[in-house]
Amino acid sequence: MAKIDAFFKLMNEQGASDLHMVSGQPPALRLMGEIERIKYKVLDNDELKAMLYEIAPEDKVKVFEETGDVDFGYEIPGLARYRANFFMQKYGVAAVFREIPSDILTAEQLGLPPVISKLATLPRGLCVVTGPTGSGKSTTLAAIIDVANKARKDHIITVEDPVEFVHKSQSCIINHREVGMHTKSFHAALKGALREDPDVILVGEMRDLETISLAIEAASTGHLVFGTLHTSSAMKTVDRIIEVFPSSEQAQIRSTLSDGIRAVIAQVLFKRIDKKGRCAAMEIMIATSAVRNLIREGKTHQISSSIQTGKKYGMQLLDDAIMDHLNANRISPDEAYMKSNEKGRFRPFLKNPPTDFTDA
């Protein structure tokens with residue numbers, strides 16, 4: 001057993017999402033979104049480096065020493081998988097580990113709206129899950145892939161950096177590919193995937209022009225593509241995808257995207273106040289003909305209005321979802337205010353409304 005495994009066991013017992021190991025500081029856990037110190041000695045650089053190198057593949061150690069940064073996956077059988085990131089900082093080495101549960105939570109266990117499960121059965125198109133880092137995008141996508149795995153008889157390819165949730169093939173064949181280990185890059189894997197008879201493709205991160213372009217192409221040529229972005233709303237997601245392309249190509253991309261897009265889910269995690277745990281508030285945009293016309297015509301600023309009037313299709317605005325949680329006393333007014341888009345709606349719930357300098 002590796003020395004660092006004791007910290008992973010503690011992390012699992014405490015229900016922490018992340019473990020932070022930093023030279024010159026004691027270890028820390030992220031519990032319910034907040035950093036909590038572990039009662040342990042300060043780790044010096046040499047001691048921490050020995051602990052980290054014990055679990056890292058040789059090729060990853062080499063990359064880390066050459067570049068000062070590396071990602072990989074680590075697994076403790078019977079406990080969990082971890083997404084590891086090593087990086088250099090002023091006082092030496094540091095690492096952050098994100099726990100990926102061995103058991104994949106179903107859409108029902110997560111309490112996802114029914115319309116999200118329906119996305120798994122679409123014949124083709126692009127579905128994007130967005131939100132800040134640590135907002136549960138991977139967990140939501142894993143639940144959608146789980147639905148597809150049980151409901152379809154198809155070929156699913158996932159491309160991630162590193163592989164997070166591992167699905168066992170059920171009604172579908174599932175192949176997991178890790179960037180850096182099984183393929184050179186996201187766009188190389190996507191280019192290859194188009195020749196590998198896939199029906200569903202999961203792109204762990206749509207991070208550059210070529211990857212986004214290939215994802216749209218795959219969605220337009222009869223594949224169901226799921227991907228992630230770090231945006232805060234459906235409108236900003238559409239704008240972000242289009243703005244990646246040179247201005248001379250944007251009119252064509254608006255047309256292609258409007259035909260290929262099927263849904264955008266923007267989510268934020270909240271610490272619950274009614275019981276232990278966290279809950280997600282989601283903005284859901286379904287690509288109705290009205291939404292597609294807005295994308296095609298460059299009127300993305302009107303998407304929020306279409307979401308508001310599209311409740312019968314399962315659409316909802318993020319602030320409406322936050323308000324539902326607040327009215328049900330699941331989240332605090334302060335956190336609702338901090339993470340909302342239209343903060344004015346939530347100021348009346350605050351005991352001491354702050355002067356928001358961002359509105360100045």
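Nothing in this text is a laboratory measurement; each read-out follows from the coordinates by a stated rule. On a predicted model such as this, the values are computed, not experimentally measured, just so you know. Positions of Cβ are generated from backbone atoms using ideal geometry, with glycine treated the same way; all protein chains shown enter the neighbour counts.
Suppose R0 equals 30 Å. What FRET efficiency, 1/(1 + (r/R0)^6) with r the Cβ-Cβ distance, do N45 and E205 give to the nearest 0.05?
On the way: r = 30 Å, r/R0 = 1.01.
With R0 = 30 Å, the Cβ-Cβ based efficiency is 0.50.
Straight-line reach from K118: which lysines have Cα under 25 Å away, leaving out those fewer than 8 places along the same chain?
K137, K150, K153, K168, K236, K311, K312
Given 0.36 nm per residue, what is the gain on full extension from Y53 to S185 after removing their alpha carbon distance, in nm?
On the way: separation 132, 0.36 × 132 = 47.52 nm, distance 2.43 nm.
Going from the current span to full extension adds 45.1 nm.
Under a point spin-label approximation (7 Å from Cα along Cα-to-Cβ), what is the A251-M32 distance to one decimal in nm?
In this crude spin-label approximation the distance works out to 5.5 nm.
The chain: Rg/Rh from Cα coordinates, Kirkwood Rh?
With Rh from the inverse mean 1/r over Cα pairs, Rg/Rh is 0.97.
Taking only DSSP H segments of four or more residues, each worth -39500 (n - 2.57), what value at 222 nm results for the chain once the sum is divided by all its residues, to the nearest 500 deg cm²/dmol?
-10000 deg cm²/dmol
Across segment 117-127, in residue order, what do the Karplus-derived ³J(HN,Hα) couplings come to in whole Hz, using 6.51 cos²θ - 1.76 cosθ + 1.60 with θ = phi - 60° and x for Gly and Pro?
5, 5, 4, 5, 9, 5, x, 6, x, 10, 10
When you count, for each residue, the other Cβ atoms within 10 Å and take the mean per peptide, how do 20-27, 3-10 rank with the highest first?
Details: 20-27: 18.0, 3-10: 15.9.
By packing density, highest mean first, the sequence is 20-27, 3-10.
Give, as ranges by residue number, the residues of segment 301-339 whose backbone N falls under 18 Å from the point 7 Å along Cα→Cβ of T121.
Zone members listed by number: 313-315.
Evaluate segment 288-350: find the radius of gyration of its Cα atoms, find its Kirkwood radius, and give the ratio Rg to Rh.
Over the Cα atoms of segment 288-350, Rg/Rh equals 1.08.
Given a Förster radius of 41 Å and the C-beta distance between N175 and E342 as r, what FRET efficiency does 1/(1 + (r/R0)^6) yield to the nearest 0.05?
The pair N175/E342 has a calculated efficiency of 0.45.
In whole Hz, what ³J(HN,Hα) sequence does segment 245-256 give by Karplus (6.51, -1.76, 1.60; θ = phi - 60°), x for Gly and Pro?
7, x, 4, 5, 9, 5, 5, 5, 5, 4, 5, 5
Amide H of I261 versus every other amide H placed in the peptide plane: which residues, excluding those fewer than 5 positions away on the same chain, fall under 5 Å?
L126
List residues of segment 186-202, by number, whose backbone nitrogen lies under 20 Å from a label position 7 Å along Cα→C-beta of E66.
Within reach of a label on E66, which here means backbone N under 20 Å from a point 7 Å along Cα→Cβ, segment 186-202 contributes 186-189.
For segment 1-145, build the charge dipole from Cβ charges (+1 Lys, Arg; -1 Asp, Glu) around the Cα centre, then report which of L79, V61, L43 sits farthest towards its positive end.
Projecting each Cα onto the dipole axis, the largest value belongs to L79.
Straight-line reach only, C-alpha to C-alpha below 25 angstrom: list the lysines that K62 could link to, leaving out same-chain residues fewer than 8 apart.
The qualifying lysines are K3, K49, K90, K184.
Scan segment 164-215 for trypsin sites (Lys or Arg not before Pro) in coil per DSSP, keeping those whose Cβ has at most 13 other Cβ atoms within 10 Å, and list them by number.
When the trypsin sites (Lys or Arg not before Pro) of segment 164-215 are filtered for loop state and at most 13 Cβ neighbours within 10 Å, K168, K184, R195 remain.
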